[in-house]
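No lab work stands behind these numbers, since they all come straight from the coordinates. From a predicted model like this one, the values you see are computed outputs, not experimental measurements. Using ideal geometry, Cβ is built from the backbone for each residue, glycine included, and neighbour counts are taken over all protein chains shown.
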Amino acid sequence: MRMFSIKKNISIRTFFQMFLLISVILPLLISGGIGLYISSDILRKELTLSNKRQLGLIAGHIELFLENPYDILSIAGDQLDLWEELSPELIKEMLRSFIDKYEFFTSIQVADSEGIITGIYPPDDFFLGSDISGRDYFQAVVSSDSPYWAPSQMSDQLDTPVTTLSLPFKNGVITAVLSLEKIRSIIDSSQFIDSDLIVYATDQEGVYISHSDIERVLLQEYDPLFYRYKHNQYSEGDMTVYNDIVYLTSVEIVETSNWMVVLMQPVSSLNEPVKAMAYALMILTVIIIILALFSGNMLRNTFSIPLNALIYSTRGISQGKYDISVPSINFHELSQLADSIGSMSHEIRKREDDLKKARTYLSNIIDSMPSILIGVNPELVITQWNRQAEILSGISLKDAVGKDFRETVPRLINEIPRIEKSIKSGMMQQDLQRIHYHNGEKIIENIVIYPLLAKGVNGAVIRIDDVTEKVMMEEIIIQNEKMLSVGGLAAGMAHEINNPLAGMIQTSSVLANRLGLNRQIPANEKAAGDALISLDSMVEYMKLRKIPEMLESINISGRRISSIVKNMLSFVRNSVDNVSSHDINQILDHSLELAATDYNLKKKFDFKTITIIKEYSLDLPMVVCEMSKIQQVFFNVLQNGAHAMSENDLKKPQFIIKTYFDEPMKMIVVEVTDNGPGMPEKVKKRIFEPFFTTKPVGVGTGLGLSVSYFIITENQNGQMAVESNPGEGATFIVRLPVE
């Protein structure tokens, strides 16, 4: 921005004069005014601080003055405590010695605990034996058991203010009257006090006890400043008017007696340095005005020719004429400017060349990417269109850039809400495994939208990747893993099917015999005789021989076979697009039923020997998933843990299966914990890698847990992790979103 507007064809002389007047004199006046104000404020603060220090010294002297009578009376009280029964004469003699020795005492009296005066000096027979229990100072000392300084008052005999100090001792109260004439001498004798200053002191009630105007002390006048200080209406450095003169005031409190000491400094003493600074500022301003007029005449033509030459050169550079010659100039600074313009011309040309190369390089990188990259601005106008986008869409870069995204790529119109959300929120958006049909062929795409976050740039970049082959390969791997699992189930299935089949065959044979097909069996004849019926009386005979229970056993075994076969077929079936809501606890139970059929004759391993502890939450929400895939995940986890425990020859292998709902993350959590050998850190880091296995060749494929991890994280948008330490078992944690 310009400091001020300049008319066309204005002379350099006029410009420099205006420049000096506005850029020098105006700031000088402003800074001078501010400086005067700040200086005045600083002087005031410094003066206040100096006065505060002087007051501190005066208050310290007064504090020392008051400590003497306090210490002396304390000694007297200690002596009275040692001599519990003293005659009035002895007490008077002791008090006389104190008054003769210490001139600041005018009188001292001693009263017992009942308030009766037992001793006084100077002697006063009328006052001796008086009752002072109703006096304020006696009651204050007795009630608080602490020293008491009474407000000041004028002494009739001394014609000076006095105060009373009362101290408690074990058998009563000792009271002394102190002359305050010493306070005035302390203030007057202070070597720090200037003649222009006014220093005075008041007692704890605000009554003057020392002042340069003695009449104020004699009349026991009240100090108005004390009222302001007492009611928090005073701040350090306030102004006070006294005898039509404005004073800067400072206050200090004497801690022993709560007396107030005040120092007042005439404000007029502050103005002399400020006036001197103002005069100097005025003289400096006049000198600058004279220099401005004189300099304007000298600089009228000095810079015109060289500046015009530089203007001609810069105009040529701005038009792309980098070979233009910059004239030599005699002035050192302008010569440096001319050299800088020449260097700038060379540097601009070099940077333009580098920029062209960088643009070409970046364009080649973008065009070489196998992904479709489309850039849009906030109005969804296309700003970037790479080579892959040209190939797949048939639209050239020239025809795409500057066109509306909706019209150019209509098949992605459903992605517009995500694009707008990404631009507005500044967060990446994605639409994974989106199905698209091109020329009747099914194509699976991953669409990721990245916001542009650089300063001055707003918009988004849409990246489209063809993941058809990747998804198909993943489905093949999952299906192959299922088939490998079926091989492990075969021996267990045969074992499970043979047992109920053998029971049914045996029961059928016995049933046939007991129905009378073999009449040579003695038991049949005896049973018929006991029932008093012939063998044709089948109903009664079947009841006696429990034939109905045997038939029920046949039915149970048949249902068991049906359930096993049904679970296996459901597990093996390729269930793409078979997504619905399921109870995670039921999926776990089905997985346990499948795992229970896992039997290894070679290792003599049977899943049924493992103790299963279920800690299910019963109020879990439903999970939207492909049941067979989730079932495969849990089967792989159970199978992996069971094999680990069998290899470690555990006496009591067990699984603890826990389910619960993570409310903040809106996820159902399944934790499967075994008491196997655990795993070291290096194994735990690679446990979900494809083809990674700790088993010997021919025993494991290394795909079970990697396929499980892929199913949970990619297909279900969930999370899968493992926690384990050597010798402490392992816990597999699966998190599934409820939506």
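Principal axis extents of the C-alpha atoms in the stretch 369-465 (largest first, rounded to whole Å): 42, 29, 24. For the stretch 705-716, the Karplus equation 6.51 cos²θ - 1.76 cosθ + 1.60, evaluated at θ = phi - 60°, returns couplings of 6, 5, 5, 4, 4, 5, 4, 5, 7, 8, 6, 10 Hz by residue, with Gly and Pro reported as x. The phi-based Karplus calculation (6.51 cos²θ - 1.76 cosθ + 1.60; θ = phi - 60°) puts the 3J(HN,Hα) values of the stretch 416-423 at 4, x, 5, 4, 5, 5, 5, 5 Hz, whole numbers, x for Gly and Pro. Put simply, the amide H of Tyr200, placed in the peptide plane, has neighbours under 5 Å in Val262, leaving out anything fewer than 5 places away on its chain.
Under 5 Å between amide hydrogens, built in the peptide plane, is the criterion, and for Ser155 it picks out Thr160, Val162 among residues at least 5 positions away or on other chains. Here the stretch 122-174 yields Rg over Rh of 1.00, to two decimals, using C-alpha coordinates and the Kirkwood radius.
Taking amide H atoms as placed 1.01 Å from N in the peptide plane, the amide H of Gln430 lies under 5 Å from those of Ile449, each 5 or more residues away in sequence or on another chain. The lysine pair count for the stretch 14-293, using Cα distances under 19 Å and pairs eight or more places apart or on different chains, is 5. Remark: the stretch 369-465 carries a charge dipole of roughly 200 debye about the Cα centre, counting +1 on each Lys and Arg Cβ and -1 on each Asp and Glu Cβ. Of the two radii for the stretch 577-739, the radius of gyration is 0.95 times the Kirkwood radius, both from the alpha carbons; that is the Rg over Rh value. Computed from backbone phi, the HN-Hα couplings of the stretch 663-677 come to 5, x, 8, 6, 9, 8, 10, 10, 10, 10, 10, 10, 10, x, x Hz, rounded to whole numbers (Karplus: 6.51 cos²θ - 1.76 cosθ + 1.60, θ = phi - 60°; Gly and Pro given as x).
Taking Cβ atoms as reference points and 9 Å as the exclusive limit, the residues near Ile657 contribute a net charge of 0, counting Lys and Arg as +1 and Asp and Glu as -1. Peptides 247-254, 121-128 ranked from most to least packed give 247-254, 121-128, packing being the mean of other C-beta atoms within 10 angstrom over each peptide's residues. May I ask for log10 I(q)/I(0) of the stretch 610-692 at q = 0.15, 0.17, 0.22, 0.27 Å⁻¹, from a Debye sum over the Cα atoms as equal point scatterers with solvent left out? For the stretch 610-692 at q = 0.15, 0.17, 0.22, 0.27 Å⁻¹, log10 I(q)/I(0) is -0.70, -0.88, -1.21, -1.33. Using the empirical formula 2.2 N^0.38 Å as the baseline, the Cα radius of gyration of the stretch 70-151 reaches a ratio of 1.05. Placing a pseudo-label 7 Å from each Cα along the Cα-to-Cβ vector at Thr106 and Asp662 gives an inter-label distance of 8.8 nm. DSSP beta bridges fully contained in the stretch 577-739 are about 85 percent antiparallel.
With the alpha-carbon atoms of the stretch 401-441 aligned to their principal axes, the span from lowest to highest coordinate is 36, 27, 14 Å, starting with the largest. Here the spin labels are modelled as points 7 Å beyond Cα on the Cα-Cβ line, and at Lys608 and Tyr279 they lie 11.9 nm apart. For the cross-link pairs Lys608/Lys684; Lys629/Lys666; Lys629/Lys658, the ones whose C-alpha atoms lie over 24 Å apart are Lys608/Lys684. What is the stretch 14-293 by shape, rounded, prolate or oblate, if you read a ≥ b ≥ c off the alpha carbon gyration tensor as root eigenvalues and call it rounded for a/c under 1.5, prolate for a/b larger than b/c, and oblate otherwise? In terms of gyration-tensor shape, prolate.
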